[in-house]
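Report on one structure; see the data block that follows.
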Amino acid sequence: DEPVPDAVIRDCLEMAVLAPSSCNLQPWSFQVIRDAQLRARLHPVCLGQQAARAPLLILVLARPDTWREACAGILEHWPEAHIPEPVRRFYSGVAQFQYNQGPFGLLGLFKRQLVRLLGLRKALMRRPNSLAEMRVWAVKSTALAAQNLMLAFQSHGYATCPLEGFDEVRLRKVLDIPRRAIPVMILAVGRQGERGVYNPRLRFPLEQHVQWL
């Protein structure tokens with residue numbers, strides 16, 4: 001039940017957002033849930049899992065809907081007085097076409113055909129070219145930030161448990177989640193109890209997952 005200090009939470013979130021992301025568009029957001037009553041409401045939403053009783057829950061959201069603001073933000077907050085021209089061209093031009101799927105994904109449909117044609121002559125980036133691929137694009141980068149967040153809490157002496165078992169419909173009724181945001185996981189954070197790890201770690205043999213070419 002020991003609360004996690006706000007200074008520790010902030011430090012870990014700062015480590016999380018240092019994660020790499022596709023084109024540095026940082027398609028993630030986090031909801032830090034400390035309120036006891038709100039956490040109690042989330043426990044059944046998380047299917048009654050023991051870890052969901054932790055003193056801190058962090059909802060990790062992937063944001064396929066924020067790429068346009070991110071492109072503008074990179075140019076606005078560039079850390080040098082002069083923005084290199086290739087950077088300016090990419091975020092004001094190429095990225096605007098690359099990530100824009102148009103109304104109902106119709107532009108993405110056109111781009112898929114265009115890529116198929118141009119790809120006959122040269123190698124090129126073929127995705128994301130649909131609303132579904134934008135969701136995958138955002139989740140991949142957000143997962144990197146979530147892993148950073150877990151390692152950061154571990155460095156402060158706190159245990160974490162990423163929860164994917166939750167009812168998303170009920171989650172959206174409890175929390176104010178943007179419509180197009182994707183709940184990737186709820187991260188439970190706290191001091192590890194004596195019985196926090198139930199069984200020895202099990203991992204499949206490395207050879208089962210690796211090809212040496």
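List of remarks:
- From phi via Karplus (6.51, -1.76, 1.60), per-residue ³J(HN,Hα) for the stretch 126-137 in Hz, x at Gly/Pro: 9, 9, x, 10, 6, 5, 5, 5, 5, 5, 4, 4
- In nm, spacing of pseudo-spin labels at D6 and Q211 (7 Å Cα→C-beta vector): 5.2 nm
- Calculated FRET efficiency, S130 to N24, Cβ-Cβ distance, R0 = 22 Å: about 0.50 to the nearest 0.05.
- Anisotropy class of the stretch 113-176 from Cα gyration tensor, a/c 1.5 cut: oblate
- Sites excluded, chymotrypsin sites (Phe, Trp or Tyr not before Pro) in DSSP loops with at most 16 other C-beta within 10 Å, longest stretch of the chain: 1-197
- For the chain, size of Cβ-based charge dipole, Lys and Arg +1, Asp and Glu -1, in debye: 980 debye
- 0 to 90° range, to nearest 10: angle between helix 36-45 axis and the chain longest Cα axis: 70 degrees
- When the Gaussian network model of the chain links Cα atoms closer than 10 Å, the mean-square fluctuations of R172, R53, R39 top out at R172.
- Computed with a 1.4 Å probe over protein heavy atoms only, the accessible surface of the chain comes to 65 Å² per residue.
- Rounded to the nearest 500, the 222 nm mean residue ellipticity of the chain from helices alone is -12000 deg cm²/dmol, with -39,500 (n - 2.57) taken per DSSP H run of at least 4 residues.
- Cα shape, the stretch 1-107, gyration tensor, a/c 1.5 rule: oblate
- With respect to the chain, whose longest principal axis is taken over its alpha-carbon atoms, helix 6-16 is tilted by about 30°.
- Qualifying GluC sites (Glu not before Pro) in the stretch 43-134, where qualification requires a DSSP coil assignment and no more than 12 other C-beta atoms within 10 Å, comprise E80.
- Counting charges near N129 (Lys, Arg +1; Asp, Glu -1) among other residues having Cβ under 12 Å from its Cβ returns a value of +4.
- Charge context of S21, other residues only, Cβ under 13 angstrom, K/R +1, D/E -1: +2
- For Rg/Rh (Cα atoms, Kirkwood Rh), calculated from these coordinates, the label among [x] 1.08; [y] 1.03; [z] 0.97: [y]
- Of the accessible area of the chain, computed with a 1.4 Å probe over protein heavy atoms only, carbon and sulfur atoms account for 56 percent.
- Sequence-separation-based contact order of the stretch 70-187, relative, with Cα cut under 8 Å and 6+ spacing, percent: 17 percent
- With Cα atoms, 0 to 90° folded angle of helix 106-118 axis to the chain main axis: 60 degrees
- Largest GNM mean-square fluctuation among P84, P162, P128, using the chain with Cα springs under 10 Å: P84.
- Of the residues I177, P5, Q96, the one whose Cα sits farthest toward the positive end of the charge dipole of the chain, with +1 on the Cβ of Lys and Arg and -1 on the Cβ of Asp and Glu, is Q96.
The values are calculated or read from the model by the stated rules, or taken from the named source; none is laboratory data. A quick note: this is a predicted structure, and the numbers were derived from the prediction, not measured. No Cβ is skipped: glycine too gets one built from the backbone with ideal geometry, and neighbour counts run over all protein chains shown. Accessible surface is based on the protein model in full, side chains and every heavy atom, while ligands, DNA and RNA are left aside. Shrake-Rupley method; radii C 1.70, N 1.55, O 1.52, S 1.80 Å.
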